Amino acid sequence: MWRATIKSLLARRVRLGLTALSVVLGVAFMAGTYVLTDTTTHAFDQLIAQGTSSIDVVVRSRLAYDDISQTGGGGGGQRTPFRASVLSDVRSVPGVEQAQGIVSGYAQLVDPATGKAIGSFGPPTIGTSWSTIGGTWTIKHGHPPSGPDQVVVDTETADRYGLTVGEQLKILFQGPPRELTIVGLAGYAEGNTSLFGATISFFDLPTAQSVLQRQGKFDEIDVVAAPGTDAAGLRQQIQRTLPPGVEAVTATTVAEEAQRAVAQGLGFVRTGLLVFAFVALFVGAFIIFNTFSIIVAQRTRELGLLRALGASRRQVTRSVLLEAVVVGLFASAIGVGAGILVAVGLRALMGAFLFKIPSTGLQILARTVIVSLVLGTLVTVFSAILPARRAAHVSPMQALLSQEQGVGGGGLARRLATGAAVLLIGMAALLYGLFGSTSQQGVLVGLGAAVGFVGIAMLAPFVTRPLARAIGAPLRGFTGRLGRENAMRNPRRTASTAAALMIGLGLVGFVTIFASSLNASTTQALEETLRADFIVTSTTFAPFSPEVAARVQQVPGVEAVSEIRQVPFRIDGSNSFVNAVDPATIESVTDLGVSEGTVASLSQGDILVYRGLAEDHGWKVGDTVPVEFPATGKTRLTIGGIYDENRLVTDYAISLATYAEHYPEALDTFVLVTVAPDRDLAQVQQGLESAVKPFANIDVQNQAQFREKQANLVNSVLRLVTVLLALAVLIAFVGIVNTLSLSIYERTREIGLLRAVGTTRRQVRSMVRREAIIVAVIGALLGMVIGVLFGWAMQQALSNTGVTALSIPYRELAIYTVAAGLAGVVAAALPARRAAKLNVLEAIAYE
């Protein structure tokens, strides 16, 4: 049996290749993701270790809590500066050879060539004082900064934007912008790279303290121990001299924290990419199932003969599963090799659009190989289990029948009941993940969606025949009728082939509907709640200097200016975000819909809470709630009001004064501006644009322009996700090629008879193409229906977070459906060509 199975497999190499291709693509993307993130993590671990190797102890203020979401501008993750006099206390500790104070903060460079701010959503833009000890950063060109008009820039930013030594450079700070001269380029550790793609500028200490608003203060003190001094022991001695709220940690601890942050950040990237890889494998599972089902049907006589010669049902089952194991291992092994090429490509893309990964060899861990081989093989084997069971039920008498008879698949009533049960289980898990209270929300949503897709695929044969008839009705003529009849002949096979495409296009449709709903909700929120005439935002989606609001306030015709800052915090033990607003002006620029309490209570240090969350927690006005700020730690705030509108100010609001007490760096997220009723809006906008012109990272937009900007951002994300989902759609079309190719083998005699009675080769090709169009459109239509249902469910689940409008872009969905039909023509090209080239006499004699 083993030899017979292997010989049967090798005798059909084309079938083997087509079956394996769907697994290869999914495994390649998964392996490539692991290799990319492992390589990036290893490279930055080495870089961080090098950069901290010459520092022994770091003195800094304590953080109440820290996580990856705290990084970046806006003050959310900034430690509170401490008085500079601590430096002399540290230097007096026995065993300290050198100690130097460091300051850092917001500093954004402006590209001299374009006049636009450098940096975007992602890596931070940091200004810091130049360190003369430790060697974390080294000058590659020029010299260190030494004066109020000198700056050193990291080499990666300089290379990317063509910055050179001696060039004048505008830099944006928390205060007014300044013009400085580039006197040097610096690389991190021993390399020419920057740190995680961050844009970093260096100043001498007095200049840094001035421009970063740290006069008389330090953010950090770096300490080098005397030779022979134990770093851990020195840390303990230094800690005894420090004031409350300031801590001493070893450089090893700092390095480990940075490495954990890198691993956590890359973990998000890895999880996101692996989701698309699993979707691709899930789609591939349907193709494998369909392929093995067809193979079993085609081998009915062969399997019947084996049973007649004494093979048991168990041996027949093992024979089919062995074939699946061989295909799975073969495809997974190729997928691992292809994954290395994928990782190289993704690494190049990351270097082009985000940041360069430091030079290091590709990290191909045993875990990557094992997981890829095991998962790819398991997906193949599990997909072949049901066809293998069907093969075992082939009786010896079926060896006397034509192989086109195939193998039955169970009663329709049983299939209907089972499919409905699976669908209900999947939908229950999905809805509980979306609407229920659970810590495993993502897992339940993903599992529910997968199980739901399986249930829909099981029920699809009940609608495939009428759908094929309706879709094929416009296809006139002899070939159109034959294509329609072929699609209707085996509804289970047609449904299974269409199911793979249904999943891919269903997810594309869901993402499209969700993006459209986000845009519609933004428009609705602005129309219903925003009273401001203009919105001042950053071109790079990063926080910006409050100096902008001060200048806007001076523009003639401006009636009210309201700054809004968004930062992370914890409330009742959960991570969230809070908006800092000006209680004197916030109601002039937006309608919060305060139904209980008052906005004025913010001036007393209270907090406002969105009604939906207040009801979930049982909070009411006058209650005190436990909150935790990263820099200052735990406290309790009184609920001064409850509001109904959270689409602009989100779920929590505090005053700017309360913000200043707990966050060391003051940066605005956006500024809202209203104009006096008797003033011309266009004229005032020109005045606003002139006022903020020194700030290259600022946009002044009216409501229509702001809506367009938000829509462009959402659409950019949509395009990225759609490109990643295209892998699953590609695999689905490979499935159509595979199914049609195998069905040509099955219908060899039928096609030969058609040719014998006068059907031309062109008509045969047309017949196969039209069948492919019908299958593709069925998959697209089912996918669009599922996309609408999933989009509605997600919109409902997120309605309390601002996604209040459901928008279904019918035009885009129609385009996807038509494109699927056209792609079906392409997918049918090779099978149609092979069908047309069949030898008539050999085809008629085929058994």
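The values are calculated or read from the model by the stated rules, or taken from the named source; none is laboratory data. Everything quoted here is computed from the prediction, not taken from an experiment. Because the Cβ atoms are built from the backbone with ideal geometry, glycine has one as well, and the counts that use them run over all protein chains shown. To get the accessible areas, we keep the full protein, side chains included, count just its heavy atoms, and leave off ligands, DNA and RNA. Shrake-Rupley method; radii C 1.70, N 1.55, O 1.52, S 1.80 Å.
Quick one: with all protein chains in place, what share of the accessible area of the stretch 455-539 is carbon or sulfur, to the nearest percent (1.4 Å probe)?
Carbon-and-sulfur percentage of accessible area, whole number: 58.
Which values, in whole Å and largest first, are the semi-axes of the equivalent ellipsoid of the stretch 764-847 obtained as the square root of 5 times each eigenvalue of the Cα gyration tensor?
Value: 43, 12, 7 Å, ordered largest first.
Chymotrypsin sites (Phe, Trp or Tyr not before Pro), restricted to the stretch 95-188: which are DSSP loop and have at most 12 other Cβ atoms within 10 Å?
Taking the stretch 95-188 and a limit of 12 other Cβ atoms within 10 Å, the loop chymotrypsin sites (Phe, Trp or Tyr not before Pro) found are Phe121.
Leu434: accessible area at probe 1.4 Å, nearest 10 Å²?
20
Could you list which residues have their amide H under 5 Å from that of Val110, counting only those 5 or more apart in sequence or on another chain, with H placed in the peptide plane?
Residues meeting the criterion, in which the H sits 1.01 Å from N, are Ile118, Lys170, Leu172.
Taking a probe of 1.4 angstrom, what is the accessible area of Met458 in Å², to the nearest 10?
Using a 1.4 Å probe on the heavy atoms, I get roughly 50 Å².
For Asp678, Asp572, Asp699, write out the residues from largest to smallest accessible area, computed with a 1.4 angstrom probe and no ligands counted.
Largest accessible area first, the residues go Asp678, Asp572, Asp699.
If you count only protein heavy atoms with a 1.4 Å probe, what accessible area per residue comes out for the stretch 434-536, rounded to a whole Å²?
38
Considering only protein heavy atoms and a 1.4 Å probe, what is the carbon-and-sulfur percentage of the accessible area of the stretch 772-847? All intermediate terms of the calculation are to be shown ahead of the outcome.
Numbers: 2520 of 3630 Å².
Reported share for carbon and sulfur atoms: 69 percent.
What number comes out for accessible area per residue over the stretch 78-233 if the probe is 1.4 Å? Units Å², please.
39
For the stretch 77-182, which trypsin sites (Lys or Arg not before Pro) are both in a DSSP coil and crowded by at most 14 other Cβ atoms within 10 Å?
Listed in order of number, the matching sites are Lys116.
Using a probe radius of 1.4 Å on heavy atoms only, what accessible surface per residue do you get for the stretch 725-847? Whole Å² is fine.
With the other protein chains kept in place, the stretch 725-847 gives 43 Å² per residue.
By accessible area of protein heavy atoms, probe 1.4 Å, what ranking do Phe462, Phe695 get, highest first? Display every interim value, and only then the final one.
Values: Phe462 75, Phe695 5 Å².
Result, largest first: Phe462, Phe695.
Leaving out ligands, DNA and RNA, and with a 1.4 Å probe, what % of the accessible surface on the stretch 175-333 is carbon or sulfur?
That fraction is 59 percent.
Over the heavy atoms of Asp623, what accessible area does a 1.4 Å probe trace out, to the nearest 10 Å²?
Near enough 40 Å² of accessible area.
Which far-off residues, 5 or more places away or on another chain, put their amide H under 5 Å from the one on Glu220, with H placed in the peptide plane?
It is Ile102, by chain and number.
Mind checking which helices in the chain clear 24 Å along their axis (Cα) and have mean Kyte-Doolittle hydropathy of 0.5 or more, DSSP H runs only?
Length and hydropathy pass: 13-52, 251-298, 313-353, 366-392, 412-435, 441-459, 491-529, 703-746, 761-797, 810-827.
Once you put a point 7 Å from the Cα of Gln524 and another 7 Å from the Cα of Glu97, both along the Cβ direction, what distance in nm separates them?
6.5
Are there trypsin sites (Lys or Arg not before Pro) in the stretch 815-847 that DSSP marks as loop and that have at most 12 other Cβ atoms within 10 Å, and which are they?
On the way: sites: Arg833, Arg834, Lys837; in loops: Lys837.
In loop regions of the stretch 815-847 (DSSP not H, G, I, E or B), the sparsely surrounded trypsin sites (Lys or Arg not before Pro) are Lys837.
Could you sort Ser574, Ser104, Ser601, Ser53 by their accessible area in this structure, using a 1.4 Å probe and putting the largest first?
Accessible-area ranking of Ser574, Ser104, Ser601, Ser53, largest first: Ser53, Ser574, Ser104, Ser601.
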